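The values are calculated or read from the model by the stated rules, or taken from the named source; none is laboratory data. Values in this document were obtained by computation on a predicted structure and should not be read as measured data. Virtual Cβ from ideal backbone geometry, glycine too; neighbours counted across all protein chains shown. Please note that ligands, DNA and RNA were not included when accessible areas were found on the heavy atoms of the full protein model with its side chains. Shrake-Rupley method; radii C 1.70, N 1.55, O 1.52, S 1.80 Å.
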Amino acid sequence: QPLQKDYDDLCSLPDLNEKTLLENLRNRFKQEKIYTYVGSILIVINPFKFLPIYNPKYVKMYDNHQLGKLEPHIYAVADVAYHAMLQRRKNQCIVISGESGSGKTQSTNFLIHHLTA
C-alpha cells in the first residue's frame, strides 16, 4: 500500500523498512524535495538540475533554527554545526559521503555558501 504522505524524517515513518524508506524518498524527489532527514543525518538526492532553494531568502530562513523545525535543507545542517561551534567553543565536523557524481562537491559549495553568509 503506497504511503499517504511523505515524511521529511525517515525516523517518523510508521512502518520503517526498505520498501517504505525508498518509496518515501522517491515521492519526495518527485516533488523536488531532494533533502530528507534520518534523525540528524541529511540524505540528499542529486536532482541534476538547479533548484531555486539556495538564495538569500533560504539563508535567512535557516539562520539560527533547530534541526527539524523547517523542511530538511543543507543550510540547516550548516547552521546547526556553526551554532554548536559557537556555543560549545569546539570544532565541528560535517561528513559528506556519496558515490561519484552524487553531488558531494555541490553540497560542499552550498554548505560553505551558508557558512560565509
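Numbers below:
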item	result
Peptides ranked, highest mean first, by Cβ atoms within 10 Å: ranges 8-21, 102-115	102-115, 8-21
Accessible area expressed per residue, the chain, with surrounding protein chains retained (probe 1.4 Å, Å²)	68 Å²
Percent carbon-and-sulfur accessible area, the chain, ignoring ligands, DNA and RNA, probe 1.4 Å	54 percent
Using a Förster distance of 25 Å, the FRET efficiency for L51-S100 (Cβ separation, nearest 0.05)	0.70
Helix-only mean residue ellipticity at 222 nm for the chain, each DSSP H run of n ≥ 4 adding -39500 (n - 2.57), per residue, nearest 500	-12500 deg cm²/dmol
